[in-house]
1. For the charge dipole of region 2-263, defined by +1 on Lys and Arg C-beta atoms and -1 on Asp and Glu C-beta atoms about the Cα centroid, which residue among PRO49, SER141, VAL164 has the Cα displaced farthest towards the positive pole?
2. Which net charge results when you count Lys and Arg as +1 and Asp and Glu as -1 among the other residues whose beta-carbon is under 13 Å from that of GLU13?
3. In region 14-80, which GluC sites (Glu not before Pro) fall in coil by DSSP and have 13 or fewer other Cβ atoms within 10 Å?
4. Would you work out the charge dipole size for region 7-46 about its Cα centre, treating the Cβ of every Lys and Arg as +1 and the Cβ of every Asp and Glu as -1, and quote it to the nearest 20 debye?
5. Label-point separation (nm) for ARG84 and TYR221, each offset 7 Å from Cα along Cα-to-Cβ?
6. Taking just the alpha carbons, could you work out the radius of gyration and Dmax for region 2-263, both in angstroms?
7. How big is region 121-260 by Rg and Dmax over its Cα atoms, in Å?
8. Regarding region 18-112, what's the average projected area of the Cα-atom convex hull, expressed in nm²?
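FYI, it's all coordinate maths here, none of it is from the lab. Since we're looking at a predicted model, the values are computed, not measured. Here the Cβ is made from the backbone with ideal geometry for all residues, glycine too, and neighbour counts use every protein chain on show.
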Amino acid sequence: MAEAASLEMPSPERITELKESLEEIRERVNVASLPENSPTLVAVSKYKPASDILACYRNGQLDFGENYVQELEEKARVLPADIRWHFIGTLQSNKAKTLASIPNLFSIQTLGSIKAATALNKALPGDRASPLRILIQVNTSGEDSKSGLSPLASDSNLSESDLVLLAKHVISECPRLHLEGLMTIGALELSLTASETEKNADFERLKETRDTLASYLKGAYPDGDRRWGDASGRLVLSMGMSSDFEAALKAGSDIVRVGTGIFGQRAKKTS
Ligand SMILES: *Cc1c(COP(=O)(O)O)cnc(C)c1O
């Protein structure tokens, strides 16, 4: 029997279309980035065929984001092994095993509970080349429809906040995970109404949360450098999607997640 996600070749028209949209988005990322940042563009390929991903890969795109564990697993099986997969969907502890079995899973951006962190840490193979990068999802807009932990303010009761407890759990108890930074989605209305000069309140909240968490961790682990953050020990920010990635980059985002802007509209999920 044929595999569900067999690898068909992209059509010449689709190759051209994707090359052009990818180049346009890359250019816009370059223009909007702060001089001191070299942000990562994650191409969000949920619902899109593996052939679309292959076409982008052949244009030098290595970072792809997926929201559904089974879809990610099927695509990872047929696509090149040097793709860096970012899981950006709802994370359930009972899917940790499947996620952990994907050798080129690069990051999980949607961690939200100690339970899921423990399950992932347990499921990851001991011989993984490096710990799995983890971003904790923060619900900066406070909407019920969005997942994530509450943001921090400098006057929060830090040692009892869920975000601090989860960060400490990953650092102290999960040697196969590496706390890389924070991720947020933010309210769509803000991105549609914010003018050029206005700041997006959700992106500002994620930055404040990151700065507050970073100074808390420095105090909690006086010899803790290199136990979190990127190569220079900085907690990174994943914020910005098709409709607001330029505003996010101007606010200092390190990772933008762009789907529609590269691949076009998604079909509604049917199953
Ligand atoms: C789908 C999705 C994206 C991409 O959204 P677009 O608006 O298509 O760019 C980014 N981040 C998350 C968490 C998503 O679920």
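1. VAL164
2. -1
3. Details: sites: GLU17, GLU20, GLU23, GLU24, GLU27, GLU36, GLU66, GLU71, GLU73, GLU74; in loops: GLU36.
Loop-located and lightly packed - GLU36.
4. 140
5. 2.0
6. 18.1, 57
7. Over region 121-260's Cα set, Rg and Dmax evaluate to 15.5, 49 Å.
8. Working: hull surface 26.6 nm².
That works out to 6.7 nm², a quarter of the Cα hull's surface.
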